[in-house]
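Report on the structure given below.
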Amino acid sequence: MSKKYCIFITALFCAFIGVFLVANAAAPDRESSEMENRVLQQLPEIDLGTPAKGFQDGNFFNGKFMRDFETYTTDQFIGRDAWVDLKARTERALGKKENNNVYFADNGTLITRFDQPKDPERVTDNLNYVNNFVENVDIPVVFSLIPTQACIWADRLPEGAPNASQTDLMAQAQGAVTGAVWADVYTPLMEHKDEDIYYRTDHHWTSLGAYYGYTGLASALGYDPVPLSDYTPTVRSTEFYGTVFSSSGVRWVSPDTITTYVPDDGITVVSHTYDNAGNPVEEQRALYVESFLSVKDKYSMFLGGNQSLGVVKNANNPDGPKLLIIRDSYADSLVPFLTAHYSEIHLIDPRYYHLSVKDYVEQNGIDQALVLYSVPNFVSDGNLFWITR
Amino acid sequence: MVFSSLYFLFLYLPIVLLIYYITPLKWRNLFLLVVNLVFYGWGEPVYILLMLFTIVVDYFSGLAVARCKGQGNDRGAKIAVAAALVLNLAILFFFKYWDLVATTLQHVGLNMPVLELALPIGISFYTFQTMTYPVDVYRGDAEAQRSLVNFGTFVTLFPQLIAGPIIKYKELADQMTYRTHSPEQFASGVQVFVVGLAKKVLLANNIGKLWDVYLALPTDQLTVAGAWLGVLAFSLQLYFDFSGYSDMAVGLGRMLGFEFPRNFNYPYISKSVTEFWRRWHISLGSWFREYLYIPMGGNRVQKPRLFFNLFVVWAATGIWHGASWNFLIWGLYFAVLIIAEKAFLGKVLEKLPAAVQHIYTLFLVLVSWAIFAVEDFAHMGSYLRAMFGMAPGGLTNDNAWYYFTSFLPMLIIAVAASTPLAAKLWKRLPVRAVKIVLPVLLLAGLILSTAYLVDGTYNPFLYWNF
């Protein structure tokens with residue numbers, strides 16, 4: 001190799017590392033990544049701490065500054081989305097059948113892996129909390145778990161892909177919670193597994209899947225489900241890329257369609273929270289908050305996304321019973337179907353609602369309660385103990 | 001700090017290279033010392049004090065050795081060497097092995113406190129490296145270093161600080177005071193560095209995920225095929241991780257004008273366990289040979305003493321790899337094999353077909369990695385039993401098949417890359433083709449490594465143990 005050529009190789013390498021040094025310094029930092037659906041690490045500030053506390057109150061001598069800085073460099077790396085895309089494509093080209101815990105399944109479907117719960121004690125604890133809740137309240141309680149794509153669409157997974165049994169966990173739940181009436185949403189979902197009952201790029205069920213869930217809950221909750229043919233489907237978006245799309249790094253699948261079935265006339269939704277001073281705050285929402293259709297997080301169109309406590313009232317059915325749902329976000333797309341049978345549906349998310357549920361039931365004249373989670377959320381949730389208070 | 005990170009590649013390295021080359025020659029070592037300490041203290045800034053202490057003590061011990069020798073005081077020189085070695089080993093023992101000894105002694109009822117101190121990064125590497133200094137000065141293999149800055153730079157030199165190669169002082173002494181910088185050297189450094197980066201980020205991290213699956217698998221689900229697949233993945237992960245780091249070290253060294261010795265020489269093509277250890281982590285083997293085995297008499301002793309020497313060296317080699325008893329067993333396992341090869345097995349092997357020799361070596365090395373990689377004894381026992389046919393999950397199952405097919409292209413690439421095949425092909429390429437292919441491959445390696453680091457939730461550093 002001639003000297004000239006060696007200078008060329010040297011310059012090539014230095015240019016590569018130098019260009020990104022300059023570009024990263026020059027490019028403005030992003031608050032969050034819409035593509036990945038998460039907040040990005042910002043540049044941390046050095047805090048040396050005080051000598052009296054052995055400098056452990058700062059972030060420098062305990063290494064937190066360095067760890068945050070490392071996350072900052074990866075989160076804010078220029079062209080991050082393109083790099084993530086390149087990596088996922090390379091993995092696929094190398095014959096990998098998953099990336100970042102998401103399987104490349106058939107029919108352009110991305111399916112989050114479901115592994116045996118890391119902490120089996122958490123599962124039994126959570127089941128005990130449901131039991132305690134049933135004993136605490138004087139109203140009938142229905143309990144059900146929603147299987148996810150990895151269970152219902154197992155036939156779309158790569159051959160031999162590790163996949164822990166969700167039906168075993170549902171059977172365990174049914175057997176453990178004796179005081180509640182178990183509702184089977186698995187069977188109707190399984191019967192309709194060839195329909196679009198889940199999103200291909202998001203972890204939730206679609207409105208259609210939620211409808212079949214609604215039919216599975218019917219006998220336990222005591223209503224006659226409205227036939228699907230009575231509804232006129234409305235397409236809300238054909239450009240939905242969900243959470244699994246975000247976490248997978250996979251950018252080559254086509255988007256999902258969001259459809260709704262139930263009209264929202266006469267339905268009001270109020271979200272209850274507290275301001276910083278601890279005063280109750282009411283926020284008006286809707287069954288379908290259409291503003292979310294113009295952002296990435298389109299599933300939040302249902303009831304306006306996460307909330308601590310939501311109250312859905314149906315003016316068309318003022319004499320109907322009142323239902324309380326202890327739930328995760330799968331309930332958001334189920335609620336529209338339930339409105340036909342209730343005057344009020346109260347939604348409590350124990351991740352955020354930490355007051356006594358027993359008191360809430362008594363003070364609001366609740367007639368029935370439903371505990372409804374997706375299997376992965378139920379076996380991993382660390383907030384269910386709140387419902388025993 | 002580790003090399004396979006975005007802040008090293010795109011922040012630390014370009015800034016260090018830029019300032020290094022605009023700094024006048026006589027200030028370059030001082031600049032390196034400063035940035036070495038930044039590199040070293042990045043995770044645990046407090047340990048910079050420990051490092052400075054080590055530097056100062058060893059610096060003065062070297063001067064003391066030289067002075068005693070100059071006065072013809074051999075006894076004094078020996079005392080100075082011994083004092084330096086004891087102090088270095090004491091620091092290493094305290095930070096690395098205290099908790100192991102304490103927890104072990106707790107089992108027999110002695111109440112020793114467990115300290116749970118973070119292991120100073122690279123302590124096993126740089127301690128061994130600094131220990132060569134007083135010995136080399138005593139043996140007359142090197143002059144005592146008069147400059148504290150030069151000596152400090154030698155001890156902390158960031159390219160090989162955290163994962164080797166372990167360089168003897170005598171190998172680097174001249175380079176500390178005089179070294180050349182040329183585009184030829186820099187360009188060859190770039191090539192070795194990018195190869196090392198790709199080995200670590202693209203091969204080791206990728207294959208490592210497969211090993212993690214089998215390490216985490218409950219032992220009642222292990223299959224025979226799965227256990228072997230897992231240990232094969234680990235053997236490739238460790239090789240590419242370790243040799244990748246060594247390559248990056250050699251490459252970075254050349255960019256800064258240093259020449260470090262080669263640390264790996266295609267170990268998996270060995271035809272005997274003895275040969276494997278001549279090709280695996282060469283700098284560690286050579287350290288133990290020169291500073292432990294030969295001083296104990298080496299092989300110029302009676303057979304029983306020779307076997308004793310080998311056992312001591314391999315026990316030390318084993319426990320050097322981590323503060324856990326499985327590493328000791330791993331070392332003794334090799335002691336037995338190497339003694340057997342010295343005694344009779346080597347002669348038998350030579351008469352067998354080459355394929356048998358390769359299979360013999362790979363089989364024993366793969367078994368050794370199961371001992372190395374699974375620290376918990378009960379778990380290790382189940383894992384080895386599974387490898388030898390007593391797997392609760394049977395011969396194979398769907399999961400093993402899934403992982404095998406998922407990783408097959410990676411495994412083929414990795415196995416091919418652990419042989420000299422690519423290097424041979426590269427040498428046969430005409431110069432004109434090399435000139436075109438080289439920059440393309442360099443850029444591809446850099447771009448893909450960057451992509452895997454940006455989306456890198458998985459980037460373990462295997463040498464926290466060492």
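Since every read-out is calculated from the coordinates, none of them should be taken as a lab result. Keep in mind it's a predicted model, so treat the numbers as computed, not measured. Here the Cβ positions follow ideal geometry from the backbone for every residue, glycine too, while neighbour counts run over all protein chains shown.
Would you mind checking which residues have amide H under 5 Å from A:Thr259's amide H? H placed 1.01 Å from N; only 5 or more apart, or other chain.
Under 5 Å from the amide H of A:Thr259: A:Ser207, A:Arg236.
Over chain B, what portion of Cα pair distances is larger than 30 Å, expressed as a whole percent?
50 percent
Work out, step by step, the length gained on full extension between A:Arg389 and A:Asp138: first 0.36 nm times the residue separation, then minus their alpha carbon distance; give nm to one decimal.
Between A:Arg389 and A:Asp138, full extension yields an extra 89.0 nm.
I'd like the FRET efficiency for B:Ile15 and A:Thr187, computed as 1/(1 + (r/R0)^6) with the beta carbon distance as r and R0 of 56 Å, rounded to 0.05.
So, using R0 = 56 Å, E works out to roughly 0.35.
Place the peptides B:189-198, A:365-374, B:65-74 in order of packing, highest mean first, counting for every residue the other Cβ atoms within 10 Å and averaging per peptide.
B:189-198, A:365-374, B:65-74
How large is ³J(HN,Hα) for each residue in the range A:346-359, as worked out from phi by the Karplus curve 6.51 cos²θ - 1.76 cosθ + 1.60 (θ = phi - 60°), to whole Hz, x for Gly and Pro?
These are the phi-based 3J(HN,Hα) values: 9, 10, 10, 10, x, 5, 10, 9, 10, 8, 5, 6, 4, 4 Hz.
Between B:Thr180 and B:Lys424, what length comes free when the chain is fully extended (0.36 nm per residue of separation minus the Cα-Cα distance, one decimal in nm)?
The span from B:Thr180 to B:Lys424 would gain 84.9 nm if fully extended.
Using each residue's phi in the range B:7-15, evaluate 6.51 cos²θ - 1.76 cosθ + 1.60 at θ = phi - 60° and report the 3J(HN,Hα) Karplus result to the nearest Hz, with x for Gly and Pro.
Taking θ as phi minus 60°, the curve returns 6, 6, 5, 10, 9, 4, 4, x, 5 Hz for the range B:7-15.
What Kirkwood Rh does the protein assembly as shown have if only Cα atoms enter the pairwise 1/r average? Answer in Å.
After inverting the mean inverse Cα-Cα distance, the result is 31.1 Å.
Say each of B:Ala355 and A:Glu290 gets a label point 7 Å from the Cα, pointing the same way as Cα to Cβ; how far apart are those two points in nm?
About 7.3 nm separates the two model spin labels.
Round to the nearest 10 and give me the degree value, 0 to 90, for the angle of helix A:64-75's Cα axis relative to the longest principal axis of chain A.
It works out to around 90 degrees.
Kindly flag which residue pairs out of B:Lys78/B:Lys170; A:Lys64/A:Lys87; B:Lys271/B:Lys351; A:Lys96/B:Lys199 have an alpha-carbon separation exceeding 20 Å in this structure.
Violating the 20 Å Cα-Cα cut-off are A:Lys64/A:Lys87.
Find which of B:Ile91, B:Gly70, B:Ile121 sits farthest along the positive direction of the dipole of the range B:6-179, computed with +1 on the beta-carbon of Lys and Arg, -1 on that of Asp and Glu, about the Cα centre.
B:Gly70
Suppose each label sits 7 Å from its Cα in the direction of the beta carbon; what would the A:Thr167-B:Val114 distance come out to in nanometres?
Each label point is offset 7 Å from its Cα along the Cβ direction, giving 4.3 nm.
For the range A:1-64 and the range A:113-136, what is the separation of their Cα centres, given in Å?
Taking the Cα centre of the range A:113-136 as reference, the centre of the range A:1-64 is 42 Å away.
Starting from the Cα gyration tensor of the range B:1-95, take the square roots of the eigenvalues, sort them a ≥ b ≥ c, and report rounded, prolate or oblate (rounded when a/c is under 1.5, otherwise prolate if a/b is larger than b/c, else oblate).
oblate
Can you tell me the orientation of helix A:3-26 relative to chain A, as the angle in degrees between its alpha-carbon axis and the longest Cα principal axis, to the nearest 10?
Here the helix axis deviates by roughly 40 degrees.
For a Förster distance of 41 Å, can you work out the FRET efficiency between the beta-carbons of B:Thr103 and B:Arg300, rounded to the nearest 0.05?
0.55
Hey, which aspartates and glutamates would be in cross-link range of A:Lys4, C-alpha to C-alpha under 17 Å, not counting anything within fewer than 8 residues on its own chain?
Output for A:Lys4: B:Glu184.
When the chain is fully extended, how far beyond the present Cα-Cα distance does A:Glu121 get from A:Asp224, taking 0.36 nm per residue of separation?
Full extension of this stretch gives 33.4 nm more.
Going by alpha carbons, how many degrees (0 to 90, nearest 10) lie between the helix axis of A:120-136 and the longest principal axis of chain A?
The angle comes out near 30 degrees.
Let's test the formula: R0 of 45 Å, r as the Cβ-Cβ distance of B:Asp74 and B:Leu49. What FRET efficiency results, to the nearest 0.05?
For B:Asp74 and B:Leu49, the calculated efficiency is 0.85.
Can you work out the Karplus-derived ³J(HN,Hα) for every residue in the range B:80-86? Use 6.51 cos²θ - 1.76 cosθ + 1.60 with θ = phi - 60°, whole Hz, and x for glycine or proline.
Working through the residues one at a time gives 5, 4, 4, 4, 5, 5, 4 Hz.
Does the range B:102-251 come out rounded, prolate or oblate by the C-alpha gyration tensor, with a ≥ b ≥ c the root eigenvalues, rounded set by a/c under 1.5 and, if not, prolate when a/b is larger than b/c and oblate if not?
Note, shape of the range B:102-251 comes out oblate.
A:Gln363 versus A:Asp264, label points 7 Å from Cα toward the beta carbon: distance in nm?
The answer from the label model is 2.7 nm.
Skipping prolines and chain starts, which residues have an amide H placed within reach, meaning under 5 Å, of the one on A:Gly320, given they are 5 or more residues away or on another chain?
Result for A:Gly320 returns A:Ser343.
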